[in-house]
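Notes follow the structure.
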Amino acid sequence: MNPELREQGYVFSQALLEPSLARFIYKTLLLKQWRGECFHDNHIPTAASVTNAAETDALLLDLRPKIEAVSGCRLVPTYSYARLYFYGDTLIRHHDRGSCEVSVSLHLGRDGGEGSLWFAPNNKVEMEPGDGAVYLGTKTDHWRERFTGNTMGQIFLHYVIADGEYANCYFDGNPQRFPPSISEGLTQPSRA
């Protein structure tokens with residue numbers, strides 16, 4: 001594992017995603033929200049969320065090699081989750097479940113405000129479209145302060161360490177979402 005990630009619990013990664021692609025996904029989320037294709041979760045009931053959509057799952061698979069390079073670990077995908085934040089939204093300080101052992105939060109775009117994510121003990125990571133933070137979701141507390149802009153798009157890509165403690169969470173228990181032609185070699189890891 002990347003020593004900085006192990007010690008600090010997160011690593012800022014500039015331009016993990018091409019900024020124009022980040023803006024495209026941000027606009028896609030805005031359209032989904034406008035068309036009523038989002039849901040509201042219990043973490044931020046006023047935000048609009050999308051999970052395991054084809055476009056976000058494609059990123060989950062496509063960015064895995066980059067996230068492996070940053071984390072220094074062989075990873076297996078679990079799930080993707082995107083959220084649109086609105087004025088006043090906050091995300092309370094928390095850490096994640098087993099399916100989020102190694103995660104990345106990618107900033108997609110915003111209208112006003114700032115795209116920051118906070119990590120324990122009190123470290124602010126400011127992101128621009130395409131920037132991300134790779135973090136140990138099950139061990140590192142993270143949160144968002146009150147958003148002061150109009151809208152902000154963020155996508156979370158979650159992975160587990162192959163043959164690690166949470167390896168049985170591969171594809172978040174739902175591997176049939178992916179055809180074998182694009183997920184070959186990403187099936188349940190074998191235990192040594």
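Every number in this text was worked out from the coordinates using simple rules, so none of it is lab data. Please read these numbers as outputs of a predicted model, since none were measured by experiment. For neighbour counting, all protein chains shown are included, and Cβ atoms are generated from backbone atoms with ideal geometry for every residue, glycine included.
Here the 3J(HN,Hα) profile of region 135-142, calculated from phi with Karplus coefficients 6.51, -1.76 and 1.60 at θ = phi - 60°, is 8, 8, x, 7, 10, 10, 5, 8 Hz, Gly and Pro shown as x.
Phi angles of region 71-79 translate, via the Karplus equation with coefficients 6.51, -1.76, 1.60 and θ = phi - 60°, into HN-Hα couplings of 7, x, 10, 7, 10, 10, x, 10, 7 Hz per residue; Gly and Pro are given as x.
Going by average Cβ neighbours within 10 Å, how do the peptides 171-180, 131-140, 98-107, 65-74 rank, with the highest at the top? Could the numbers behind the result be given before it?
Details: 171-180: 13.6, 131-140: 22.7, 98-107: 24.3, 65-74: 16.9.
Descending packing order for the listed peptides: 98-107, 131-140, 65-74, 171-180.
Counting pairs of alpha carbon atoms under 8 Å apart in space and at least six apart in sequence, what relative contact order in percent does region 1-89 give?
Working: 74 pairs, mean separation 30.6, N = 89.
Relative contact order here is 34 percent.
Within the shell defined by Cβ-Cβ distances under 14 Å, the residues around His40 carry a net charge of -1, with Lys and Arg each +1 and Asp and Glu each -1.
Computed extension length for Ser20-Trp143: 41.7 nm, one decimal, from 0.36 nm per residue of separation with the Cα-Cα distance subtracted. With all pairs of separate Cα atoms included, region 1-128 yields a Kirkwood hydrodynamic radius of 15.8 Å.
Working note: Karplus 6.51/-1.76/1.60 with θ = phi - 60° gives region 5-11 the couplings 5, 4, 6, 8, x, 7, 9 Hz, where Gly and Pro are set to x.
With a cut-off of 8 Å between alpha carbons and a minimum separation of six or more residues, what is the relative contact order of region 41-190 in percent? The partial results should precede the final answer.
Values: 326 pairs, mean separation 46.0, N = 150.
It comes to 31 percent, rounded to a whole number.
Using a ≥ b ≥ c from the Cα gyration tensor of region 1-48 (square roots of the eigenvalues), is it rounded, prolate or oblate, where a/c under 1.5 gives rounded and otherwise the larger of a/b and b/c decides, a/b for prolate?
Values: a/c = 4.97, a/b = 1.66, b/c = 3.00.
Oblate.
Taking a straight Cα-Cα cut-off under 18 Å and skipping sequence neighbours fewer than 8 places away in the same chain, the lysines within cross-link reach of Lys139 are Lys124. Mean residue ellipticity, 222 nm, helices only, the chain: the sum of -39500 (n - 2.57) across DSSP H runs of n ≥ 4, divided by residue count and rounded to 500, is -6000 deg cm²/dmol. Taking the C-alpha atoms only, the angle from helix 19-34 to the longest principal axis of the chain is near 70 degrees.
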